[in-house]
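K.L.:
First the structure, then my questions, so here it is.
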Amino acid sequence: MKYIITENKLVDFIGKYLEKSIGKLRKFPLNSINAREGDFELVDDDGNTIFSYFDYGLGVDRNIFYKMMSLFSFDKTELENLLESWFKKNYPGNMVLSTYAG
């Protein structure tokens, strides 16, 4: 059976997957010496950095990134675009120029 899903629904699905598999993410200022004001990281309950927003780039935990690629059969570019859309929806006002597995 084949389904057609809108991008908005797919972005919501990605958000629900992250919430179910990782839990609620907490936002902390990025402590890097090169960080701009407004750069931050999103960590899980164990204090592991899942996403880092640094210099308009969105870094994604490598294990989660490749697990999602495999689980959903996304190619790298598809997943990067979906994660950017998810991030923009959940953290508006933070422009993303690139997404990468970190």
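K.L.:
Quick check on my filter: what residues within the range 1-36 are part of a helix (DSSP H, G or I) and either of a type in the set (S, T, N, Q) or free of Cβ contacts under 8 Å to residues at least 24 places away in the same chain (or both)?
P.N.:
If the condition is that a residue be part of a helix (DSSP H, G or I) and either of a type in the set (S, T, N, Q) or free of Cβ contacts under 8 Å to residues at least 24 places away in the same chain (or both), then N8, K9, D12, F13, K16, E19, K20, S21 are the ones that fit.
K.L.:
Name every residue in the range 19-39 that is touching a helix residue (DSSP H, G or I) at 6+ places or on another chain (Cβ under 9 Å) and over 13 Å from Y91 (Cβ atoms), in order of residue number.
P.N.:
Within the range 19-39, S21, I22 meet the criteria.
K.L.:
Something else about it: G93 fails exactly one of the following numbered conditions: (1) in a helix (DSSP H, G or I); (2) closer than 21 Å to N8 by Cβ; (3) without any contact (Cβ under 8 Å) to a residue 24 or more places away in the chain. What is the number of that condition?
P.N.:
Against the list (1) in a helix (DSSP H, G or I); (2) closer than 21 Å to N8 by Cβ; (3) without any contact (Cβ under 8 Å) to a residue 24 or more places away in the chain, G93 comes up short only on (1).
K.L.:
Only one of these is of a type in the set (A, V, I, L, M), part of a strand (DSSP E or B), under 20 Å from E7 (Cβ atoms) and modelled with pLDDT of 95 or more: L58, L83. Name it.
P.N.:
L58
K.L.:
From the residues in the range 24-63 that are small (G, A, S) and more than 18 Å from T99 (Cα to Cα), which one is surrounded by the fewest Cβ atoms within 10 Å (Cβ to Cβ)?
P.N.:
Checking each candidate, the answer is G47.
K.L.:
Would you point out the residue of the range 2-18, among those that are among the hydroxyl-bearing types (S, T, Y) and under 21 Å from S70 (Cβ atoms), that is surrounded by the fewest Cβ atoms within 10 Å (Cβ to Cβ)? Don't jump to the end; show me each part of the working.
P.N.:
Applying the first criterion (among the hydroxyl-bearing types (S, T, Y)) to the range 2-18 yields 3, 6, 17.
In the following step, the residues that additionally are under 21 Å from S70 (Cβ atoms) were identified as 3, 17.
Values: Y3: 5, Y17: 15.
Checked the range 2-18; the qualifying residue surrounded by the fewest Cβ atoms within 10 Å (Cβ to Cβ) is Y3.
The values are calculated or read from the model by the stated rules, or taken from the named source; none is laboratory data. This structure is a prediction, so every number in the text was calculated from the model and none was measured. A quick note on method: Cβ atoms are made from the backbone with ideal geometry, for glycine too, and the neighbour counts reach across all protein chains shown.
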